[in-house]
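Notes for the one structure printed next.
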Amino acid sequence: MYTLARFLQTAGLVIPPLAILSQLAKPEEFGTGEMLKFLLMAVGLFLLGYLLQRFVCGGE
């Protein structure tokens, strides 16, 4: 469970730079709305991983 929590946190930290690079590469295909969705998803994944680590795994 600890490994899953850390994986979710890492995924939450990796997604925002990828979203920024995607928007810079093709702004006409990857607009502001899509970027906002990816950033909110990243925050959700990180928060879920943090809460798993903190409360389920006991903060090991």
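The values are calculated or read from the model by the stated rules, or taken from the named source; none is laboratory data. Since the model is a prediction, treat every value here as computed from it, not as a measurement. Because the Cβ atoms are built from the backbone with ideal geometry, glycine has one as well, and the counts that use them run over all protein chains shown. Ligands, DNA and RNA are stripped out before the accessible areas are found, and what is left, the full protein with its side chains, is counted by its heavy atoms. Shrake-Rupley method; radii C 1.70, N 1.55, O 1.52, S 1.80 Å.
The figures follow:
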| item | result |
| --- | --- |
| Failed item in (1) at pLDDT below 90; (2) touching a Pro at 6+ places or on another chain (Cβ under 6 Å), with A42 passing the rest | (1) |
| Pair list, Cβ under 7 Å, 6 or more apart: segment 12-29 residue over 18 Å from L45 (Cβ atoms), other residue open to solvent by less than 80 Å² (accessible area, probe 1.4 Å) and not in a loop (DSSP other than H, G, I, E, B) | Q23/M35 |
| Which listed residue is more than 9 Å from the chain's Cα centre (by Cα) and open to solvent by less than 80 Å² (accessible area, probe 1.4 Å), from G44, G12, G49 | G49 |
| Complete set of residues in segment 25-36 that are exposed (fewer than 12 other Cβ atoms within 10 Å of the Cβ) and not small (G, A, S) | K26, P27, E28, E29, T32, L36 |
| Residue count, segment 34-56 (criterion: more than 9 Å from Q9 (Cβ to Cβ) and of a type in the set (F, W, Y)) | 2 |
